[in-house]
Structures are given as structure tokens and as C-alpha cells.
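J.: Can you keep this structure in mind? I'll have questions shortly.
The values are calculated or read from the model by the stated rules, or taken from the named source; none is laboratory data. Values in this document were obtained by computation on a predicted structure and should not be read as measured data. Positions of Cβ are generated from backbone atoms using ideal geometry, with glycine treated the same way; all protein chains shown enter the neighbour counts.
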Amino acid sequence: MAVAMIHPYRTNQKNDANDAAARCEAVSRPRTRFVPVKSEGQQAVLTVHRARERLVTERTALANQIRGVLMEYGIVIAPGLQRLRRELPERLALAETLPGLVRDVVEELRERLVELDRRITEYDHRVEQLAKQNETTRRLMQVAGVGPITATAAVATIGHGQAFQHGRQFAAWLGLVPKQHSTGGRTVLGRITKHGNVYLRTLLIHGARAVLQFSAKRTDRKSRWVEAVRHRRGNNIAAVALAAKHARILWALLAHGQDYQLAV
């Protein structure tokens, strides 16, 4: 059981006896949610994802540090890894007034950045191989905006989706639904809750943003729907709405074992 489901039923101070009583009380409630047990294979795949995520975090911090150091000496490079890789050697060559010690440090940091790029690429290849070897992940990758990383993370996290009764419940578990503050028959919806799995939610939103770059040129039903949402509410809300729809689609593919069919 999730710890958040047990905590409200502990009426006294925290100890083993009170925790056990709270568990007994929580397990008897019909709306208590349980954490699905993962297999060793799922845990192994998630280990690869966690290691890759750590390297990506380190790379982002390193890139920000390089930009911050150069900015102190009047060398400004706009955000973006591709732009940093492209402009850094040229800026260093043209910066004649840059102290030699600072130049050596930045060169060392750039070498570390290249090494992180290499290691992340190796993990990407490993994830691609895992996705190709699994029939379920190959079916998930039929959905636009879902690549090997998102597909393997989804399968390793929820398996066949048996812990959820429907796709909307899975989207809510990911935190892709708006907060609700309703009373007296008056429904008030706010921002997305951001509950649940942060990593998988981030992957789905990034994939949705990639799909939005080409949705205006497509005529299928989903593209027309997301374009209407974008015109009404803007790019960010459209991306989250599309990510929630993709979450429901992924759950349906996992739960029913079907191939993805794009509605025209």
C-alpha cells in the first residue's frame, strides 16, 4: 500500500503497533490504492532508466555551470545543449581577454560534457535494444510521441496496467489531470496535480510537445482535436492534454494487448 493511504488512519503516535493498526484499517477501505509488485525484469529496466536520468541531470547542471562561468567574463551563450556544443569552441577561440586559468577550467568542463554525452548515448542504445526485444514496447511505439525510452519506462512501471481500472485512472495517477475544488454542485478545475510518477509524466509531456510541432500539418482526428485545444488554450495546456490522452492510449494498449489504430 502507498504510505499516503496509511497515514490518515494512524490515530496516535508513530510506533510499530499503531502502524500495524493503521494498515489493518486502511486495507479494509474500498478506495485504498495498492502499489503493484514489479518483477525483477521490470526493476532491471527501471535501473537503466534511473542511471540514465542521473547522467542527464549531471549534464544539465554542467552545461549551466559552463554558461554561468563564461557569463561572468562577458561571454553569453543562450540556453540549449546543441547551441552550447556548437558555439563554445568558437567563443573560446575568439575570447582573447579570457584568463588562461579560466580557459583551462572551461576546456576541462567541456571534456566532461563530451564524456557525459557519450555515456548517455550508450544508455540510449541500450534502451533501444530493450525496446526492440519486447513485443509490448514495440506496440507502444506505434503511438506518435512515444519512443523507446517512454515505452520501456511505461512497461517497466505499470506492466500490463492491471492496477488501474481504466485509462483515466492511469492519467490521474501520473498527475496529468487538473486539481478539483468543487462544492455545492459547482465544479472548479485548476492546474494539473503533478501527483504520481514524475519521470513518466515528464516523458509523456516532452513527447506531446514533439507531436505538436507537426500536428498542424496532419488531418487525423487526434491532430484536429489537439490543434483546437491549442488555439483555445495555448501550447502548454495542449501539450499536457495530449500527454493525458497518450497515457490513456498506452493503458488501453497494455491492458487489452491490441495494436494502435489511428482514428481518421
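J.: Which condition does Val146 not pass, out of (1) assigned to a helix (DSSP H, G or I); (2) under 20 Å from Gln258 (Cα atoms); (3) touching a residue at least 24 places away in the same chain (Cβ under 8 Å); (4) not acidic (Asp, Glu), if it passes all the others?
T.: Only one criterion in (1) assigned to a helix (DSSP H, G or I); (2) under 20 Å from Gln258 (Cα atoms); (3) touching a residue at least 24 places away in the same chain (Cβ under 8 Å); (4) not acidic (Asp, Glu) is unmet by Val146, namely (1).
J.: Tally the residues that are among the polar types (S, T, N, Q) and within 21 Å of His195 (Cβ to Cβ), restricting the search to region 1-29.
T.: 0
J.: Of the residues Lys179, Lys194, Lys217, which single one is at pLDDT below 90, in contact with a helix residue (DSSP H, G or I) (Cβ under 9 Å, 6 or more places away or on another chain) and not assigned by TED's automatic domain parsing to the domain that holds Thr47?
T.: Answer to the check: Lys194.
J.: I'd like to verify a number: residues in region 200-209 that are surrounded by fewer than 17 Cβ atoms within 10 Å (Cβ to Cβ) and either at pLDDT below 95 or β-branched (Val, Ile, Thr) (or both), how many?
T.: 1
J.: Given the structure, is Arg86 of a type outside the set (A, V, I, L, M) and surrounded by fewer than 17 Cβ atoms within 10 Å (Cβ to Cβ)?
T.: Considered against the rule, which asks whether it is of a type outside the set (A, V, I, L, M) and surrounded by fewer than 17 Cβ atoms within 10 Å (Cβ to Cβ), Arg86 comes out as yes.
J.: Restricting to region 218-237, what's the tally of residues that are surrounded by fewer than 15 Cβ atoms within 10 Å (Cβ to Cβ) and of a type in the set (Val, Ile, Thr)?
T.: 1
J.: Could you please find all residues in region 238-252 being surrounded by fewer than 23 Cβ atoms within 10 Å (Cβ to Cβ) and under 12 Å from Leu140 (Cβ atoms)?
T.: Ile249, Ala252
J.: Pick from region 95-118 the residues that are over 19 Å from Gly80 (Cα atoms) and not hydrophobic (A, V, I, L, M, F, W, C): which of them is nearest to the chain's Cα centre (by Cα)?
T.: Out of the qualifying residues, it is Glu108.
J.: Being at pLDDT below 90 and either among the basic types (Lys, Arg) or part of a helix (DSSP H, G or I) (or both): is that true of Ala93 here?
T.: yes
J.: So if I check each of Arg31, Arg50, Arg103, Arg23, which one is at pLDDT below 90 and among the charged types (D, E, K, R)?
T.: Arg31
J.: For a quick check of your reading of the model, give me the residue pairs whose first member lies in region 63-85 and is over 12 Å from Arg110 (Cβ atoms) and in the same structural domain as Glu115 (by TED's automatic domain parsing), whose second is in a loop (DSSP other than H, G, I, E, B) and of a type outside the set (Val, Ile, Thr), with beta-carbon atoms closer than 8 Å and at least 6 apart or on different chains.
T.: Filtered contacts from region 63-85: Tyr73/Ala95; Tyr73/Leu98; Tyr73/Pro99; Ile75/Ala95; Ile75/Leu98.
J.: Okay, next question. Looking for something in a loop (DSSP other than H, G, I, E, B), of a type in the set (A, V, I, L, M) and in contact with an Asp or Glu (Cβ under 7 Å, 6 or more places away or on another chain) - is there at least one such residue anywhere in region 210-218?
T.: The first filter runs over region 210-218 and keeps only residues in a loop (DSSP other than H, G, I, E, B), leaving 213-214, 218.
In the following step, the residues that additionally are of a type in the set (A, V, I, L, M) were identified as none.
The answer is no, given that none of the residues of region 210-218 is in a loop (DSSP other than H, G, I, E, B), of a type in the set (A, V, I, L, M) and in contact with an Asp or Glu (Cβ under 7 Å, 6 or more places away or on another chain).
J.: Further, regarding this structure: Can you pull out the residues in region 183-209 that are more than 15 Å from Glu53 (Cβ to Cβ), in a loop (DSSP other than H, G, I, E, B) and polar (S, T, N, Q)?
T.: Thr187, Thr193
J.: Could you check how many residues of region 33-83 are assigned to a loop (DSSP other than H, G, I, E, B) and over 30 Å from His166 (Cα atoms)?
T.: 9
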